[in-house]
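**Q** Got a structure for you, questions after.
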Amino acid sequence: MYPLINLIGLTAGMTCFLITMLFVSREIKHDNWNPNKKDIHIFLAHMESRTTYPACPAILIKHFAKYENAVLDYMLMRHHGFNLIANDKETVYGHGVKVTPNFFSFFPFPMKYGDPTTALTDTTQLVISTMIADSLFGQQNPIGKKVILSNQKEHVISGVFNRHDSPSHIKYDILIPMVEPADTNWGNFNYRAYLHIAKETDPVQLAACLKQHHVSVGSAVMEKTMERFAELFSFSFELRPLEEVYLYCNENRNFNVVLILSILSIIILCISAINFINLSIANASLRAKEVAVRKTLGGSKRAIIVQFLLEVSIICLIALCIALSLTELILPHFVKLWETRLSVWEIFEQLPIVMTMLILLLLVAGFLPAIYLSNFKPMEVLKGKFVRSKRGHLLQKGNILFQFTLSSVFIISALVIRAQLNYMYTKDTGFTKDQLMMIPVTDLEQVESKRNKYKQFFKEKDYITETSSIRWAPGTGLGHSSISHTHYGEKKLDSDIHFVDQHFFPILDIPIKYGRNFVLADTLYDECYSDVIVNQTLVDKFDMKDPVGQTIELWGGTRIIVGVVPDFYKHGFEHKIQPTVFAISNKEAAVIFLKLTGGDIANKVKEIKAFWTQEIEIGVPFYHRFMEEDYAKLFERHERLHIMILALSIIMIVLSLLGLVAIAIHTIRQRYQEIAIRKAIGASDYELLHTLLKEFVIISLIALFLSFPIAYYFCSWWLGGFAYHIQMPLVPYLIASITVLSLVLFIAWFQARKALHIDIVRFLKFE
Amino acid sequence: MIDIQNLSKIYRSTGIETIALNQFNFQVRVGEFVAIMGPSGCGKSTLLHIIGLLDTFDKGDYYFNEQQMNDLDEKTRGTIRKKQIGFIFQNFNLIDELTVFENIELPLIYNKVGKKKRVSKVNQLLKDLDIEHRKKHFPQQLSGGQQQRVAVARALVTEPQLILADEPTGNLDSKNGNEVMELLADLHRQGSTIIMVTHSNYDAGFATRIIEVKDGQIMAERKNKREIRIIDK
């Protein structure tokens, strides 16, 4: 029984540790392999009211680098969206980016084919990742092969790079050469810039110089006063070294994840080791007689320690083997959850860490009980007297206390996260997402030229009730929108600007609160109309009394507010709803919305797909999405955390229960004589149980008491990340209390019950 | 009060049978002070444990206050123990984690005596046995003699009909041992029924009747001659 419990606990701890170690080492590896990770800096612009963007005007960097010797080299890139890439047989998708020719001197990814110095020098060239190369060309060398990018331009493959073994925050699969950035506007923050700066340069000072340069040169070029220019572009600039980009400059808070997971896995490993020691010591008192007899027969202390260490080593090795197999079993799920790439073989890259862990475990978990055991005084043990140390007892209680505090924190956290997730799933987002099919537009030219054709088709199908063409879809990653200053009299705001058509509000069931919807003929039109619709937040922030008919300034032009819509949660619940201006355009639509009715969606989608691929976007793969599913993806990150915390709480509870079993057995066995005395005096079973369980109940109550503020603090911090969140619920605290108390009582009761049937006479005779 | 007829107790361990008590017959009347003597392993402790309902037996009959004790369940045995029997052990068997006061109080708690009555009873006993100044101490802080006096107090606190003492002076020096024996003699004079297992002839001298047990049977039984006590002194 003991070795089995020991094995389970140790295996759980090791598996946790191994998986987290793999994950963390992969996360830390990001860009760390880059030889210039300290000297290459990313350019970041902080907006006053918003988050940080890694964006700048291309012209600023070009101009600045000419005058500033500290900038050794710079590299620019521009996001190129989700691209389609095709040869005569296959078509695949990948994230594409336009890069300057020196990309590989900044990010020296290993090249499978091609020369990194010449692969990006001509705009007809194209560099693809091994993933794209494999799906397009199989095992062939694709250099010199022609491909079509997004149904528009022909490119010649000039290189294949492998980004999977060199993890980086650069997650693009298609590199499109950009010899000269086209945009020379000092006010367009459209490029991402990396600066290779001289070692002795202070990046803070350099960023300040950049800011100054932007204002002084930019204002002159754009013929504005410096004050006006500075007001228009009131961003502050920052340069961050490459080695920090992935972990610290990322919206997903990668460093927090790495930190939390590392700490938790180390705690769990420690706890399984402590439990191992406890169980071994508890077991040791069972074996005290064996040791005592060995000693009286002349076994040396060393021989006993060696024997014990050998036993522990065997258990550790078996646990490691099982943990490795478990890791291989669990890893695919973990990889899927975190969308990362890990293989169990990478453990061998981390052999020193694994070996250190094993040796430490052996030393601590093997030596301590071995010494405890070998120190038994044979005569006392043979007479039936165990070593009873008050301090050891206290340590054990402290350990149990710690474990149940943690378990309770985990349970509460998992439940609070679940509650917030449920809140987000069920809360009215302010718009209807049901049966809203989205067709992302890939080939804009074809789509716009065949507008009448598909409009006609949609009209004929009675299961399509409404359609809308828009540049941006709420709650999804589709399309694009912008953020701009909006003026109302003297007041100024940063507002979200979305281009939509007149069908947008009806198809999403968003009512017009005041005023009216856009009124337009259903033809193709561009943003030439001065009518805008705004949301309630904008009205509130500008403190407008009677918004309909008022004018606001946007991009230097005057717009008339024709309608006001209520606020809706277009980006989920993490960010506050921003003041928003809806301007009108159905040109350059990124997404076509189709509202479907009735059942049998699969067949309807099939019909639409057939039509779309044969008549509209010919030769383009069709990948439709549903808004409800896309919106749910906003919560993926939180679902992930929930799954992790839930998994850890289960492991934690199992571990603490194992620890409790060990300690319950040990402490209750130590009280056998006391139980015998109490029984002799006439204690009933109930009274004995009360005596035995009292201390366990007290420990779990203290654990719960300690866990509440910790859990409250953690959960408040986490909930604080949401602009819209639930009030701290009390039920999780109640559930955690009931769970911990009932589990502790059950385990202790199970062990105490055995104590009720001891042979009184035997234990009364102890001296 | 106690009537034991043809009682047998056999210990079995893998293949070997040890007969602890063999067709044992034994009676005790109310108010008697009986000493049981005999060599080690003669069955005298087993007899005491069976009388005290701490152990079971294989054959024969045992009547306690004319009530048959064969095949009682553990709960009933516990009730009889706590209401009618007080134990005194050679190794005192006090609970280390409880104070002197709490140790003595314990049987009263198990007998569901009210708090007020418990305190006054325990305090009275502490005074009677001259250990009042020690009531907040833990057993480990006391001398052997004091510990045994606490144990005696614990045995007396419920005013049991029967007191069972298993070598009560075995772990004590002669001075302390004598004091404990005087205590038992006083109790006997006040009317308590006492059965005591002992190795010591001197201790046995305090009893009114002495039986000698060997190989699970009574070898001899005699009325005590009080003179022994005087000669030994």
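**Q** Would a scan of segment B:122-138 turn up a residue that is in contact (Cβ under 8 Å) with a residue 40 or more places away in the chain, surrounded by 15 or more Cβ atoms within 10 Å (Cβ to Cβ) and among the aromatic types (Phe, Trp, Tyr)?
**A** Step one: list which residues in segment B:122-138 are in contact (Cβ under 8 Å) with a residue 40 or more places away in the chain, which gives B:129, B:138.
Filter once more, so that each one left must be surrounded by 15 or more Cβ atoms within 10 Å (Cβ to Cβ): B:129, B:138.
Within this subset, residues satisfying the condition of being among the aromatic types (Phe, Trp, Tyr) are B:138.
Looking for residues that are in contact (Cβ under 8 Å) with a residue 40 or more places away in the chain, surrounded by 15 or more Cβ atoms within 10 Å (Cβ to Cβ) and among the aromatic types (Phe, Trp, Tyr), one finds at least one in segment B:122-138, hence yes.
**Q** A further question follows. Do the conditions hold for A:Ile42, that is, is it of a type in the set (A, V, I, L, M, F, W, C) and open to solvent by 10 Å² or more (accessible area, probe 1.4 Å)?
**A** Working: of a type in the set (A, V, I, L, M, F, W, C): yes; open to solvent by 10 Å² or more (accessible area, probe 1.4 Å): no.
Criteria not met by A:Ile42.
**Q** Being out of contact with any Pro (no Cβ under 7 Å at 6 or more places or on another chain) and open to solvent by less than 30 Å² (accessible area, probe 1.4 Å) is true for just one of A:Ser234, A:Ser280, A:Ser265. Which residue is that? Even if it seems obvious, please write down each step before you answer.
**A** Values: A:Ser234 fails: open to solvent by less than 30 Å² (accessible area, probe 1.4 Å); A:Ser280 fails: out of contact with any Pro (no Cβ under 7 Å at 6 or more places or on another chain).
Unique residue meeting the criteria: A:Ser265.
**Q** Can you name the condition, by its number, that A:Ala220 falls short on among (1) part of a helix (DSSP H, G or I); (2) aliphatic (A, V, I, L, M); (3) open to solvent by less than 60 Å² (accessible area, probe 1.4 Å); (4) within 16 Å of A:Ile59 (Cβ to Cβ)?
**A** Among (1) part of a helix (DSSP H, G or I); (2) aliphatic (A, V, I, L, M); (3) open to solvent by less than 60 Å² (accessible area, probe 1.4 Å); (4) within 16 Å of A:Ile59 (Cβ to Cβ), the lone unmet condition for A:Ala220 is (3).
**Q** For segment B:178-199, how many residues meet the condition of being among the aliphatic types (A, V, I, L, M) and either open to solvent by 40 Å² or more (accessible area, probe 1.4 Å) or part of a helix (DSSP H, G or I) (or both)? Even if it seems obvious, please write down each step before you answer.
**A** Of all residues in segment B:178-199, those among the aliphatic types (A, V, I, L, M) come to B:180-181, B:183-185, B:187, B:194-197.
Cutting the leftovers down to either open to solvent by 40 Å² or more (accessible area, probe 1.4 Å) or part of a helix (DSSP H, G or I) (or both) gives us B:180-181, B:183-185, B:187.
Residues that pass the stated criteria total 6.
**Q** Let me ask something else about it. Among the residues of segment A:176-192, are any part of a strand (DSSP E or B), surrounded by 16 or more Cβ atoms within 10 Å (Cβ to Cβ) and touching a helix residue (DSSP H, G or I) at 6+ places or on another chain (Cβ under 6 Å)? Outline the logic, then answer.
**A** First, the residues of segment A:176-192 that are part of a strand (DSSP E or B): A:176-177, A:191-192.
Cutting the leftovers down to surrounded by 16 or more Cβ atoms within 10 Å (Cβ to Cβ) gives us A:176-177, A:191-192.
Then drop every residue that is not touching a helix residue (DSSP H, G or I) at 6+ places or on another chain (Cβ under 6 Å), which leaves A:191.
Taking every residue of segment A:176-192 in turn, at least one turns out to be part of a strand (DSSP E or B), surrounded by 16 or more Cβ atoms within 10 Å (Cβ to Cβ) and touching a helix residue (DSSP H, G or I) at 6+ places or on another chain (Cβ under 6 Å).
**Q** Looking at segment A:711-721, can you tell me whether even one residue there is under 23 Å from A:Asn278 (Cα atoms), assigned to a helix (DSSP H, G or I) and open to solvent by 20 Å² or more (accessible area, probe 1.4 Å)?
**A** Going through segment A:711-721, the residues under 23 Å from A:Asn278 (Cα atoms) turn out to be none.
No, every residue in segment A:711-721 fails to be under 23 Å from A:Asn278 (Cα atoms), assigned to a helix (DSSP H, G or I) and open to solvent by 20 Å² or more (accessible area, probe 1.4 Å).
**Q** Select the helices (runs of 4 or more DSSP H) contained entirely in segment B:39-147, then report the ones holding at least 1 residues which are away from chain A (no Cβ under 14 Å). Can you show your working first?
**A** Details: elements: B:44-51, B:74-84, B:100-110, B:115-128.
Filter on segment B:39-147 gives B:100-110, B:115-128.
**Q** Here's another thing I want to ask about it. Determine if segment A:135-142 includes at least one residue that is touching a helix residue (DSSP H, G or I) at 6+ places or on another chain (Cβ under 8 Å) and open to solvent by less than 60 Å² (accessible area, probe 1.4 Å). Break it down into steps so the answer makes sense when it comes.
**A** Step one: filter segment A:135-142 for residues touching a helix residue (DSSP H, G or I) at 6+ places or on another chain (Cβ under 8 Å), giving A:142.
Retained after the next criterion (residues that are open to solvent by less than 60 Å² (accessible area, probe 1.4 Å)): A:142.
Yes: one or more hits.
**Q** Now for a separate question. Within segment A:726-767, can you find the residues that are under 27 Å from A:Ile400 (Cβ atoms), assigned to a helix (DSSP H, G or I) and open to solvent by less than 20 Å² (accessible area, probe 1.4 Å)? Before the answer, list the steps.
**A** From segment A:726-767, those under 27 Å from A:Ile400 (Cβ atoms) are A:730-758, A:763, A:766; that's our starting set.
If we keep only those that are assigned to a helix (DSSP H, G or I) as well, we get A:731-755, A:763.
Result: A:Pro732, A:Ala736, A:Val740, A:Val744, A:Ala748, A:Gln751, A:Ala752, A:Ala755, A:Phe763.
**Q** Let me ask something else. Return yes or no: is A:Leu206 in contact with a Phe, Trp or Tyr (Cβ under 7 Å, 6 or more places away or on another chain) and either part of a helix (DSSP H, G or I) or buried (at least 17 other Cβ atoms within 10 Å of the Cβ) (or both)?
**A** Details: in contact with a Phe, Trp or Tyr (Cβ under 7 Å, 6 or more places away or on another chain): no; either part of a helix (DSSP H, G or I) or buried (at least 17 other Cβ atoms within 10 Å of the Cβ) (or both): yes.
So A:Leu206 does not fit the description; no.
**Q** Additional query: Take the conditions surrounded by 15 or more Cβ atoms within 10 Å (Cβ to Cβ) and either assigned to a strand (DSSP E or B) or in contact with a His (Cβ under 8 Å, 6 or more places away or on another chain) (or both) and apply them to B:Asn6. Does it pass? Spell out the reasoning first.
**A** Values: surrounded by 15 or more Cβ atoms within 10 Å (Cβ to Cβ): no; either assigned to a strand (DSSP E or B) or in contact with a His (Cβ under 8 Å, 6 or more places away or on another chain) (or both): yes.
It is false that B:Asn6 is surrounded by 15 or more Cβ atoms within 10 Å (Cβ to Cβ) and either assigned to a strand (DSSP E or B) or in contact with a His (Cβ under 8 Å, 6 or more places away or on another chain) (or both).
**Q** Further, regarding this structure: What is the one condition in (1) in contact (Cβ under 8 Å) with a residue 60 or more places away in the chain; (2) away from every other protein chain (no Cβ under 14 Å); (3) open to solvent by 20 Å² or more (accessible area, probe 1.4 Å) that A:Glu617 does not satisfy?
**A** (3)
**Q** Within segment A:655-667, can one find any residue that is of a type outside the set (Lys, Arg) and within 14 Å of chain B (Cβ to nearest Cβ)? Spell out how you get there, then give the answer.
**A** First, the residues of segment A:655-667 that are of a type outside the set (Lys, Arg): A:655-667.
Now narrow it down to the ones that are within 14 Å of chain B (Cβ to nearest Cβ): A:667.
The answer is yes, given that some residue of segment A:655-667 is of a type outside the set (Lys, Arg) and within 14 Å of chain B (Cβ to nearest Cβ).
**Q** Can you spot a residue in segment A:686-699 that is within 14 Å of chain B (Cβ to nearest Cβ) and outside any helix (DSSP H, G or I)?
**A** No, that holds for no residue.
**Q** Which one is farthest from B:Gly191 (Cα to Cα) among residues in segment B:32-47 that are open to solvent by 10 Å² or more (accessible area, probe 1.4 Å) and modelled with pLDDT of 90 or more?
**A** By that ranking, first place goes to B:Met37.
**Q** In addition: For segment B:148-172, how many residues meet the condition of being in contact with a Phe, Trp or Tyr (Cβ under 9 Å, 6 or more places away or on another chain) and in a helix (DSSP H, G or I)?
**A** Matching residues across segment B:148-172 total 5.
**Q** I would also like to ask the following. Quick check: anything in segment A:671-685 away from every other protein chain (no Cβ under 11 Å) and part of a helix (DSSP H, G or I)?
**A** Among the residues of segment A:671-685, at least one is away from every other protein chain (no Cβ under 11 Å) and part of a helix (DSSP H, G or I), which makes the answer yes.
**Q** In this structure, is A:Thr15 surrounded by 19 or more Cβ atoms within 10 Å (Cβ to Cβ) and among the β-branched types (Val, Ile, Thr)? Before you say what the answer is, go through the steps one by one.
**A** Working: surrounded by 19 or more Cβ atoms within 10 Å (Cβ to Cβ): yes; among the β-branched types (Val, Ile, Thr): yes.
Against the criterion (surrounded by 19 or more Cβ atoms within 10 Å (Cβ to Cβ) and among the β-branched types (Val, Ile, Thr)), A:Thr15 qualifies.
**Q** Which condition from (1) more than 23 Å from B:Leu106 (Cβ to Cβ); (2) part of a loop (DSSP other than H, G, I, E, B); (3) of a type in the set (Lys, Arg) is the one that B:Lys175 breaks?
**A** (2)
**Q** Here's another thing I want to ask about it. Are any residues in segment A:571-601 under 20 Å from A:Phe722 (Cα atoms) and open to solvent by 10 Å² or more (accessible area, probe 1.4 Å), and if so, which ones? Steps first, please.
**A** Of the residues in segment A:571-601, the ones under 20 Å from A:Phe722 (Cα atoms) are A:571-580.
Answer for segment A:571-601, where residues must be under 20 Å from A:Phe722 (Cα atoms) and open to solvent by 10 Å² or more (accessible area, probe 1.4 Å): A:His571, A:Glu574, A:His575, A:Lys576, A:Ile577, A:Gln578.
**Q** To continue, here is another question. Can you give me the number of residues within segment A:82-121 that are open to solvent by less than 20 Å² (accessible area, probe 1.4 Å) and closer than 29 Å to A:Val591 by Cβ? Show your work before the answer.
**A** Here is the first cut: in segment A:82-121, the residues open to solvent by less than 20 Å² (accessible area, probe 1.4 Å) are A:83-86, A:94, A:96-97, A:99-100, A:103-104, A:106-107, A:109, A:119-120.
Among the residues that remain, those that are also closer than 29 Å to A:Val591 by Cβ are: A:83-86, A:94, A:96-97, A:99.
Qualifying residue count, segment A:82-121: 8.
**Q** Which residue pairs have Cβ atoms closer than 7 Å, lie 6 or more positions apart in sequence or on different chains, and pair a first residue in segment A:741-767 that is within 14 Å of another protein chain (Cβ to nearest Cβ) and more than 14 Å from A:Ile698 (Cα to Cα) with a second residue that is assigned to a helix (DSSP H, G or I) and aromatic (Phe, Trp, Tyr)?
**A** A:Ala755/A:Tyr672; A:Ile758/A:Tyr672; A:Phe763/A:Tyr672
The values are calculated or read from the model by the stated rules, or taken from the named source; none is laboratory data. Please read all numbers here as calculations on a predicted model, not as lab measurements. Methodologically, a virtual Cβ is constructed for each residue, glycine included, from the backbone with ideal geometry; neighbour enumeration extends over all protein chains shown. The accessibility values were calculated without ligands, DNA or RNA, using every heavy atom of the protein model including side chains. Shrake-Rupley method; radii C 1.70, N 1.55, O 1.52, S 1.80 Å.
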